[in-house]
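Taken together, the values in this text are just the output of simple stated rules run on the coordinates, not laboratory data. Because the structure is a prediction, the values reported are computed rather than measured. All Cβ positions, even for glycine, are placed from backbone atoms using ideal geometry, and neighbour counts span all protein chains on display.
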């Protein structure tokens, strides 16, 4: 069964969030009220509501990195991942983990990058040359 996900998270400033998710990430804005906004987050529904973002800690050991948990993200085809990495760099986005290859030469080889939205929500974007590798072991 294939489906789309819906995720609703808190942000501290809707205008900042709209600029980041729309102008920097390139996501299309959907419905908007005084307290929330929807985005097409790479084909999935992301709802950003005013409020206190969830607490995060650097407790996820993945390869050689300790990553922020919890975090959200998306998996892109490698050409789209490369284009997004360039876009983020051109906008001066500060990376928590800069674009890197993880598990090189192993099943599940992937590109990854971690950064934060303006409210401090951690985001991971993975890139795969072959989506079959997403669940490889």
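The Cα atoms of the range 25-86 give a gyration tensor whose axes a ≥ b ≥ c have a/c of 1.5 or more with a/b no greater than b/c, which makes the shape oblate.
Here the range 71-137 is treated as an ellipsoid with the same Cα gyration tensor; its semi-axes, largest first and in whole Å, are 21, 12, 10. Residues 126, 2, arranged from fewest to most other Cβ atoms within 10 angstrom of their Cβ, appear as 2, 126.
For the chain, a Kirkwood radius taken over Cα pairs fed into Stokes-Einstein (4 °C, viscosity 1.567 mPa s) yields D = 83 µm²/s.
Normalising the average separation of contacting C-alpha pairs (under 8 angstrom, six or more residues apart) by the number of residues puts the relative contact order of the chain at 22 percent.
The modelled label-to-label distance between residue 54 and residue 8, using points 7 Å beyond Cα along the C-beta direction, is 1.4 nm. Note on the chain: GNM, Cα springs under 10 Å; of 33, 12, 112, the largest mean-square fluctuation is that of 33. Average 1/r across all pairs of distinct alpha carbons in the range 6-50, invert it, and you get the Kirkwood radius: 10.0 Å.
Helix 78-90 and the longest principal axis of the Cα set of the chain meet at an angle near 50°.
Here the spin labels are modelled as points 7 Å beyond Cα on the Cα-Cβ line, and at residue 72 and residue 23 they lie 2.1 nm apart.
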